[in-house]
Amino acid sequence: MSAINRSVRTATRNLRLPAFQSRALRAPLSLTQRATIQASPRTPSFRQFSAMSPLQSGAPPPPQAREYDPEIKDIASYVHNTPINSDLAFDTARFVFLDTLGCGLEGLRFKECTKLLGPIVEGTIVPNGTKVPGTPFQLDPVNGAFNIGAMIRWLDYNDCWLAAEWGHPSDNLGAILAVADWISRTNRAGGKLGNGKVITVKEVLEAMIKAHEIQGCLALLNSFNKVGLDHVVLVKVASAAVVSKLLGLSEKQTADAVSQAWVDGQSLRTYRHSPNTMSRKSWAAGDACQRAVNLVLKVMKGEPGVPTVLSAPVWGFYDVLFKGNKFEFQRPYGSYVMENVLFKVSYPAEFHSQTAIEAAKRIHKQLADQGKSAADIKDITCRTHEACIRIIDKQFKPMDNFADRDHCIQYMCSVMLVYGRLEATDYTDGGEAATSPLVESLRQKIKCVEDPQFTKDYHDENLRTIPNALTVTLNDGTVLEEIVVEAPLGHRLRREEAKPEILAKYKRHLGPHFSEQKVKELVDLGNDAKKLEAMAVDEYVDLYVSKDSKFV
């Protein structure tokens, strides 16, 4: 070692030594001395920094009982112990299944959607993984749930449930189909997921019925939007519950998974409202499906639950996110929601606008019969229900993107009045409708006013109508007779009328992806309830695989 290095090390030791010596030589206080020392009034005592400080600050003590919140126990018990015996629920679920898959295929036609899909690492293929309909992708079930969930929800065209909270219960199919397909493929290869069984389409339909019921019953009297939370929290909870059952978890583990879904971070609704309306609203349900599957897989590996996640004072969901209120329930879990769910048959539009658009279509024809057009309109009054005003009344707000347009009742009615149509492409930036000066001027002439009776009918459990009424005043002062539409096509009261249209919609969405013969095969299979229900889900999903898709 050089002389310079030795001197540097010696100097360093000398600098450290006094401090070290002072610590080493400092005598400890005697027990007597320590006993006589009092904490200064201005100096915080040691106890104030202890883990028990919440007790000293007045916060309630943690609950002693480890029983699960009854709301969570009810969900787990329903999933494991309640058989579904309703023929109407299974028949409706079959139509929801076909319609939802068709909506997902239609979503693939939009680059904004497909750019988010596929494996995390390009080119990855997961052995025995989830296959994504309409694509060549085969993914792990977590990412598969996101892919299927995002494409299903992209165009806001799948089913709908309207109550104190809104939502789209078929969003849960993203998680259900991804997991059921993965389980079946894995078990065919010798795996033991979900007790080693291959899942049938009927079991998928039953899972859908139960997911619809959980999401829908929680939505009946509990408004998450009023506290700023997005309805996809209910997708996450419902998906976690039914997916855990598919994977063979116990009732206790299902409660664990549901509790984890409630404690998970919840999405804010801001991406659905001005000034932040954006495309996240189209993949938020896919995100919820992804998170649900991820949480269930953690529980399957032994992760415990959070028993009082809802009711825990200070730290629970109710106190933190629900203004201290507990959930209210109108009815026990059964099959009510699937039996009464709303189909979006006619238009790819936010559901509270469906009846208004139907009324606008009648007015468009009436004007044409009189030799007039939308250019002759001076103003329009839309008599509507409170939820419509809260969500999609955007008379003077700028239309900045696709997401703004498909959540603006004035824009959607204006497009119908100008062109006599409303299609998904009418929301696209730079499109004919989006750049039309007439559409824009007419949009600002439509005023929404609440009719309290319409709001009452909207919440009535025996009606659940979504009424809208349009009154048009022309430039020459003529006032056209008000057009009222209370229940849209696809409502339970118009279900039989809607069935041929639902199948036509499904067929239309299959067309761009498959040959005419393949489309006929899928439609015929969908019409044969017994054959479809008995089919293994992985074999059914294989019918939708597109190895050379032109859209992804």
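The values are calculated or read from the model by the stated rules, or taken from the named source; none is laboratory data. Owing to the predicted nature of the structure, the values given are computational and were not obtained by experimental measurement. Cβ: placed from backbone, ideal geometry, glycine included. Neighbour counts: every protein chain shown. Side chains are part of the model used for accessible areas, which takes the heavy atoms of the whole protein and leaves out ligands, DNA and RNA. Shrake-Rupley method; radii C 1.70, N 1.55, O 1.52, S 1.80 Å.
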Checklist entry - Where in region 226-251 does the label zone of Thr270 land, with the point 7 angstrom along Cα→C-beta and an amide N cut-off under 18 Å? => result 226-233
Next on the checklist: Multiplying the sequence separation of Asn475 and Asn85 by 0.36 nm and subtracting their Cα-Cα distance, what value in nm do you get?
Outcome noted: 134.7 nm
Checklist outcome for this item: Of the DSSP H helices in the chain, the ones reaching 20 Å or more along their long axis in Cα terms and averaging at least 1.6 in Kyte-Doolittle hydropathy are 232-246
Checklist entry - Measuring from the lowest to the highest alpha carbon on each principal axis, how far does region 101-243 reach, largest first, in angstroms? => result 46, 38, 24
Next on the checklist: Please compute the per residue accessible area over region 70-343 with all protein chains in place, 1.4 Å probe, rounded to a whole number of Å².
Outcome noted: 33
Checklist entry - Hull surface divided by four, with the convex hull built on the Cα atoms of region 70-343: how many nm²? => result 13.6
Item to check | Computed FRET value (nearest 0.05) for Val314 with Ile389, which takes r as the C-beta separation and R₀ as 51 Å | outcome: 0.90
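Based on the alpha-carbon gyration tensor of the chain, what equivalent-ellipsoid semi-axes (square roots of 5 times the eigenvalues) come out, in whole Å, largest first?
51, 31, 26
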Checklist entry - Straight-line reach from Lys365: which aspartates and glutamates have a Cα under 20 Å away, not including same-chain ones fewer than 8 places off? => result Asp376, Asp379, Glu423, Asp426, Asp476, Glu481, Glu482, Glu486
Checklist entry - With the calculation restricted to Cα positions, what are the radius of gyration and Dmax of region 71-143 in angstrom? => result 17.1, 44
Next on the checklist: Defining a contact as two alpha carbons under 8 Å apart and six or more residues distant in sequence, what relative contact order in percent does the chain show?
Outcome noted: 18
Checklist entry - Pairs Lys236/Lys507; Lys236/Lys394; Lys115/Lys301; Lys226/Lys326; Lys210/Lys520; Lys202/Lys252: which exceed 21 Å Cα-Cα? => result Lys236/Lys507; Lys236/Lys394; Lys115/Lys301; Lys210/Lys520; Lys202/Lys252
Checklist outcome for this item: Taking 0.36 nm per residue of separation between Gln444 and Arg421 and subtracting their Cα-Cα distance, the length gained on full extension comes to 6.4 nm
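Can you give me the relative contact order of region 440-486 as a percent, contacts being Cα pairs under 8 Å and 6 or more apart?
The value is 25 percent.
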Item to check | Hydrodynamic radius of region 318-443 per Kirkwood, over alpha carbon pairs, in Å | outcome: 16.5
Checklist entry - Tally Lys/Arg at +1 and Asp/Glu at -1 over every other residue whose Cβ is under 14 Å from the Cβ of Val201; what's the total? => result -4
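Before anything else, pin down the relative contact order of region 351-488: Cα pairs under 8 Å, at least 6 apart, normalised by residue count, whole percent.
37
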Item to check | Charge dipole (the chain, unit charges on Cβ, about Cα centre) - positive-most of Ala175, Gly107, Ala534 | outcome: Ala175
Checklist entry - If you place +1 on the Cβ of every Lys and Arg and -1 on the Cβ of every Asp and Glu, how big does the dipole about the Cα centre of the chain come out, in debye to the nearest 20? => result 3200
Checklist entry - Over 22 Å between Cα atoms, which of Lys372/Lys505; Lys245/Lys298; Lys281/Lys397; Lys499/Lys530; Lys111/Lys281; Lys131/Lys547 qualify? => result Lys372/Lys505
Next on the checklist: Considering only protein heavy atoms and a probe of 1.4 Å, how much of the accessible area of the chain is carbon and sulfur, as a whole percent?
Outcome noted: 54
Checklist entry - What is the gain in length, in nm to one decimal, between Asn325 and Ile120 on full extension, counting 0.36 nm per residue of separation less the C-alpha to C-alpha distance? => result 69.8 nm
Checklist outcome for this item: Rounded to a whole number, the Stokes-Einstein D of region 458-552 in µm²/s (Kirkwood radius over Cα pairs; 10 °C; 1.306 mPa s) is 91
Next on the checklist: Please compute the Kirkwood hydrodynamic radius over region 236-384, one decimal place, Å, based on all pairs of different Cα atoms.
Outcome noted: 19.4
Next on the checklist: Place a point 7 Å from Cα of Asp369 in the direction of its Cβ. Which residues in region 483-498 have their backbone N less than 15 Å from it?
Outcome noted: 483-484
Item to check | Förster-model FRET efficiency, 25 Å R0, Glu432 and Lys378, C-beta, rounded to 0.05 | outcome: 0.55
